[in-house]
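The values are calculated or read from the model by the stated rules, or taken from the named source; none is laboratory data. Please read all numbers here as calculations on a predicted model, not as lab measurements. Here Cβ is always computed from backbone atoms with ideal geometry, including for glycine, and neighbour counts include all displayed protein chains.
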Amino acid sequence: MKALSIVLARFLAEKRLALALGFLLAALTALAGIVLLSLSGWFITATALAGLTAATAYAFDVFVPSAGIRFLALFRTAARYGERVVSHDATLSVLAGMRETLFRAFATAGMSRALALRPARLLFRLTLDVDALDGLYLRLLVPAGVALASALFAMLCLAFIDGGTALAAGLFLIAAGFGLATWAAFRAEKPARLRAAALEALRGRVIDLVSGATDLLMTGRVAACRQAIAAAERRLHETDDRLNRIETLAGFGLAALAPVLGGGLLVALALLVERGVIGAPGAAFALLLALAAAEPFIGLKRGAVEAGRILAAARRIAPRLAETAVERAPAPPPQGVAVRLEDVSARHPGAARPALAGLSLTIAPGEVVALTGPSGAGKSTLLALLAGEIEAEHGRVEALPSTLLTQRAELFADTLAGNLRLADPDASEAALWAALDAAGLAETARALPQGLETWLGEGGSGLSGGERRRLSLARLLLRRHPLLLLDEPTEALDAETARDILARLAAARAGRTILIATHTMRDAVFADRIVHLGCGRMINDFSRMDAGFASVAARLRDC
């Protein structure tokens, strides 16, 4: 319930007045419908009885009731329209704010690194989980409140006829209606939770099949992946079937409230008519009033079945809504130092041994340092530590504000300018062209039909591998941070393109400090200093003037 309270507090904090107005309009719509049906029944019955004799026919006023019926019909239509507009607009606005909050939380360095391993989870949280929360207000709170208001209104109106009958009818509606809804919610809680898990698994596996089709085909895993998708789809079908059965039973029970209540009330009203307490028109009014009051309880069906899904989504999302997204960053170093590590150890979540152990390193401003060593030596971990993506388990980390260029160029389905402005949203067009020129991509961009407004596909499709790397470099240069962290910046590029990118990086560095994690000689010889790592520890540290510099560089891959 704590998760639901956090989500509900978010609703009330952002759109309290709009949500209250939406509920008020929904309640007025239901009450207008109840009065419309009961007044129409009274009017028809009274008109029929008045027509039995000429004297009563002339004396009967048909204008006031008929005007009231027309007013109620128009009012109900207008209230329904207003309720739909207000409540849905408020709900969608709150959900949009939730998505922004979640995205900011997921975009922090540590969280984004974890979610990069399971991107389908991020997609599920931002789409289906947030979408499920619209049911908290629209399918749970509003229908329940309207049903309760209808029952209380019917009880109040019937109390003017007979107190005992009013109390019995009202308590029956409330107890039976909410009892059936509660039963359905408890029965549907587990299937709804399993359905959410099956749907997440299905979507994730389909995404894996589509995005990794080439790798799966090369490793002969396409058939296994298709079987996993089919298994997830079967589980989804099974949970859908269980939920449909529960919804059908709940719908049948809630729909039976009206005839059961009507049958009992008909007997009570017949006794009251026989005793002369009310007349036939009053009995028709009371009967139709109770039947109309039972109708809003049918709206509890869908919310009760979706309660488990809403609760599961709230439990997954609420912790992120309650937290403030905070970027982790190393402490600032003293004057004249760009990076300083003192006896630092770092471990990846779930790892059996530390990726860095007892590492000490000092880098001066303006230095270009190449980090070398075999795979698993701790090069990427060191860059992630300096970027704030992971925290040190032990020791002290101090570094200037930094920008990290990972091995994978993270480009999006957006314009060329849109991808660049991820680094600086306020960058002018001239600044964008300057960054592209520094990265050697300006000529290619000018040749495109729409220049900076040219749309790129997902992952930067439409550009070659080298052009995507140049675009990533241009985005890196747009950042004004004094420390650049490059993880295999020229990997998978041809020698000519790699040399050109390194030359342009050297020309555009403007005194910045650069750390390059690399396996290649061409990246290492670009540096002023080589730091060789092994098993998370420093093995060697050579400047360009040391004899060991050439020896370490010579052992690297010459491509």
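Report whether or not L128 is surrounded by fewer than 17 Cβ atoms within 10 Å (Cβ to Cβ), under 30 Å from Q407 (Cβ atoms), among the aliphatic types (A, V, I, L, M) and assigned by TED's automatic domain parsing to the domain that holds I6.
Answer is no for this residue.
Search the stretch 450-466 for residues that are within 18 Å of T497 (Cβ to Cβ) and pair each with any residue that is exposed (fewer than 13 other Cβ atoms within 10 Å of the Cβ) and modelled with pLDDT under 85 when their beta-carbon atoms are under 8 Å apart and the residues are at least 6 apart or on different chains.
G465/A492; G466/D494
Looking at the stretch 21-42, is at least one residue touching a Ser or Thr at 6+ places or on another chain (Cβ under 9 Å), surrounded by fewer than 18 Cβ atoms within 10 Å (Cβ to Cβ), closer than 19 Å to A149 by Cα and modelled with pLDDT of 80 or more?
The answer is yes, given that some residue of the stretch 21-42 is touching a Ser or Thr at 6+ places or on another chain (Cβ under 9 Å), surrounded by fewer than 18 Cβ atoms within 10 Å (Cβ to Cβ), closer than 19 Å to A149 by Cα and modelled with pLDDT of 80 or more.
Looking at this structure, is L478 crowded, with 19+ Cβ neighbours inside 10 Å, under 32 Å from the mean Cα position of the chain (by Cα) and within 25 Å of A364 (Cα to Cα)?
It is true that L478 is crowded, with 19+ Cβ neighbours inside 10 Å, under 32 Å from the mean Cα position of the chain (by Cα) and within 25 Å of A364 (Cα to Cα).
Restrict the check to the stretch 425-434 and report whether at least one residue is in contact (Cβ under 8 Å) with a residue 60 or more places away in the chain, surrounded by fewer than 17 Cβ atoms within 10 Å (Cβ to Cβ) and farther than 29 Å from P330 by Cβ.
The answer is no, given that none of the residues of the stretch 425-434 is in contact (Cβ under 8 Å) with a residue 60 or more places away in the chain, surrounded by fewer than 17 Cβ atoms within 10 Å (Cβ to Cβ) and farther than 29 Å from P330 by Cβ.
Could you check the stretch 194-218 and list, in sequence order, the residues that are under 18 Å from the mean Cα position of the chain (by Cα), modelled with pLDDT under 85 and charged (D, E, K, R)?
E200, R203
Could you tell me which numbered condition S464 fails, if it satisfies all but one of (1) surrounded by fewer than 15 Cβ atoms within 10 Å (Cβ to Cβ); (2) touching a strand residue (DSSP E or B) at 6+ places or on another chain (Cβ under 8 Å); (3) polar (S, T, N, Q)?
(2)
Within the stretch 29-45, is there a residue that is over 30 Å from V64 (Cα atoms), assigned by TED's automatic domain parsing to the domain that holds L141 and of a type in the set (A, V, I, L, M, F, W, C)?
Within the stretch 29-45 (the criterion being over 30 Å from V64 (Cα atoms), assigned by TED's automatic domain parsing to the domain that holds L141 and of a type in the set (A, V, I, L, M, F, W, C)), the answer is no, since none of the residues qualifies.
Could you look through the stretch 463-493, keep only residues that are of a type in the set (D, E) and farther than 23 Å from P401 by Cβ, and pick out the one that is modelled with the lowest pLDDT?
Top of the filtered list is E491.
Out of everything in the stretch 47-81 that is polar (S, T, N, Q) and at pLDDT below 75, what residue ends up being surrounded by the fewest Cβ atoms within 10 Å (Cβ to Cβ)?
T53
Looking at I310, I317 in this structure, which one is farther than 30 Å from L173 by Cα, of a type in the set (A, V, I, L, M, F, W, C) and crowded, with 19+ Cβ neighbours inside 10 Å?
After applying the criteria, what remains is I317.
Do any residues in the stretch 320-338 that are over 16 Å from L382 (Cα atoms) have Cβ atoms under 8 Å from those of residues that are among the polar types (S, T, N, Q) and at pLDDT 75 or above, where the two are at least six apart or on different chains, and which pairs are they?
Qualifying pairs under 8 Å: R320/T101; L321/T101; A325/T101; V337/T362.
Given the condition under 17 Å from L138 (Cβ atoms), of a type outside the set (S, T, Y) and surrounded by 18 or more Cβ atoms within 10 Å (Cβ to Cβ), answer yes or no: does some residue in the stretch 282-296 qualify?
Taking every residue of the stretch 282-296 in turn, at least one turns out to be under 17 Å from L138 (Cβ atoms), of a type outside the set (S, T, Y) and surrounded by 18 or more Cβ atoms within 10 Å (Cβ to Cβ).
List the number of the failed condition for L382; all other conditions in (1) surrounded by 16 or more Cβ atoms within 10 Å (Cβ to Cβ); (2) under 29 Å from the mean Cα position of the chain (by Cα); (3) over 25 Å from G465 (Cα atoms) hold.
(2)
Listed residues P354, P330; which is assigned by TED's automatic domain parsing to the domain that holds N540 and under 30 Å from H481 (Cα atoms)?
None of the others qualify; the one that does is P354.
Kindly state which strands (runs of 3 or more DSSP E) lie completely within the stretch 496-545 and contain at least 3 residues that are crowded, with 22+ Cβ neighbours inside 10 Å, in contact with a Leu (Cβ under 9 Å, 6 or more places away or on another chain) and not acidic (D, E).
Here the list reads 513-517, 529-534.
Per-residue answers, yes or no, for (1) of a type in the set (F, W, Y); (2) within 26 Å of L49 (Cα to Cα); (3) under 39 Å from the mean Cα position of the chain (by Cα):
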position	(1), (2), (3)
L254	no, no, yes
R275	no, yes, no
F285	yes, yes, no
A294	no, no, yes
L300	no, no, yes
